Amino acid sequence: MRSAGVESVVRRGQSRRPLPPTDPGLGQLHDLLDVDVMAEVLTETLPPGRRVSCLQVRSVAYRPGLACTVAYRASVGAGTYAVVASAESRAGAVESRLSRASVAASRAAGARTIAASPLSYDARVRAVLGWYPLDSALPVLARSGPELRRLVGSESASTVEPETLVYRPGERAVLRIDGQILKAYAAEAAFRAGARGLDAAQIVQPQGSPPMHRVLPDMRVTVQPALAGRPVERERAVEVAPRAGALLRAFHDAEVPDLPTTTPVSSLEAAARSAALVVAVAPSLVGRVRELLIRLRREAPVTTCGVVSHGDFNVSQLLDADDRIVVVDFDEVCRAEPALDVAAYAANVVSGRPRDLEYALQALDAAISGYGHRPRHLRWHLAATLLRRAPSPFRLQKKDWPDRVAEIVAAAEAVLQGA
């Protein structure tokens, strides 16, 4: 796989990570996760004289036996760039993926990337390679700063390119331009949920959430004014938990019409999907994960109780705005049991490090103090949410991801046992 001229200039951007088991349907998986191999592959997409000097895996979206999308951060010269490799087992998927990326979008993106071609196919790793901002599922990313300003109705003459805040390849992107937040969605259902979330945020948090500025249905884009404030660090999860709990109580007491419902059954289904990924990448956990699912199914609450729920409530969704905590990103807003949000806040601080569960339980108690009472079925929701989070160390390619995945599974077990 390595050619002598490239290997000598590539230094490891990421120490060797453990690899999941070989996937017969995706034989290239190990190559896609090997930064040395991919640095060589990606260097060959650059103009002559340029090379990838450092490569990091940023995220992995993996469906065992079916597909894998790996997002990287590549250092080229003094700059860093986002690039994505996508592979599928389905016959003809490559041709389909390439044809969906329009020539116009490729040309537009080509003017804003360092790659000689922003979209290509590499036969050795059998993957489509796309340099940001080319993403056939998110065509708005290929538009220049001036084009985006016209799109959102800005009168600024600036030529500065937008700031990318979030990028999930093939799914969603969040950009900031001229004091506005632009969210682009790949799926129509996700776009509708984002628009619904902006409406709900204006009801449940009228002083903290800006009104929806504009919706662009043809492009699956929403636009809203940016909020002033700075993100709350995860290390402050316990400190801000009482205020977060009080905010949750206000949300749960609000009335928002026409929301989808998240039931314990749907939460269990999400946990089961995560469990399937856990056992695929860490098969030594199969017995423990199977027992967790059996217990969760057996103990699942049977309830019709539902309140307005944020749906993805955690410390990363909080802004510290002049000593006032503001909640953002209502894309998952729904009706659900009150315990769903409270459990999600605590589970989010568990990432497989030592004593994470102890810290999470401290955050849980602090959030309950602000919320006013302990919601019913909290233990079940916390365990289910922890199992749902269990694959995250693999998805983020933490250097010790197998140990971290096992620790999160152990945290879910401990919660179900009454820890």
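Where a number appears in this text, it was derived from the coordinates with a stated rule and is not lab data. Predicted model, so just to flag it, every value in this text is computed and none were measured. Every residue, glycine among them, receives a Cβ derived from its backbone with ideal geometry; neighbour counts consider all protein chains shown.
What shape does region 142-225 take by its C-alpha gyration tensor, where a ≥ b ≥ c are the square roots of the eigenvalues and a/c under 1.5 counts as rounded, a/b above b/c as prolate, and the rest as oblate? In terms of gyration-tensor shape, oblate. Every helix of 4 or more DSSP H residues in the chain counts as -39500 (n - 2.57), and over all residues that averages to -12000 deg cm²/dmol at 222 nm. Inter-label distance, ARG150 to ARG290: 6.0 nm, where each label sits 7 Å from its Cα along the C-beta direction.
Grab the beta carbon distance between HIS373 and ALA228, set R0 = 35 Å, and tell me the FRET efficiency rounded to 0.05. For HIS373 and ALA228, the calculated efficiency is 0.60. Applying both filters, DSSP loop and at most 10 other Cβ atoms within 10 Å, to the trypsin sites (Lys or Arg not before Pro) of region 336-419 gives ARG355. Only Cα pairs within less than 10 Å get springs; with that Gaussian network setup on the chain, which residue of ASP331, ASP323, ASP365 has the largest fluctuation? Answer for the Gaussian network model of the chain: ASP323. Once the Cβ-Cβ distance of SER158 and THR80 is raised to the sixth power relative to R0 = 30 Å, the FRET efficiency obtained is 0.85. Computed from label points 7 Å out along Cα-Cβ, the spacing between HIS213 and ALA300 is 4.2 nm.
With all distinct Cα pairs included, what does the Kirkwood hydrodynamic radius of region 264-419 come out to in Å, to one decimal, could you say? Mind showing how you got there, number by number?
Details: mean 1/r = 0.0631 Å⁻¹.
Roughly 15.9 Å, rounded to one decimal.
Please say if region 232-324 is rounded, prolate or oblate, where rounded means a/c under 1.5 for a ≥ b ≥ c the square roots of the C-alpha gyration tensor eigenvalues, and otherwise the choice is prolate for a/b larger than b/c and oblate otherwise? Oblate shape, in that a/c is at least 1.5 and b/c is the bigger or equal ratio.
At full extension, LEU319 and ARG176 could sit 49.9 nm farther apart than now, given 0.36 nm per residue minus the alpha carbon distance.
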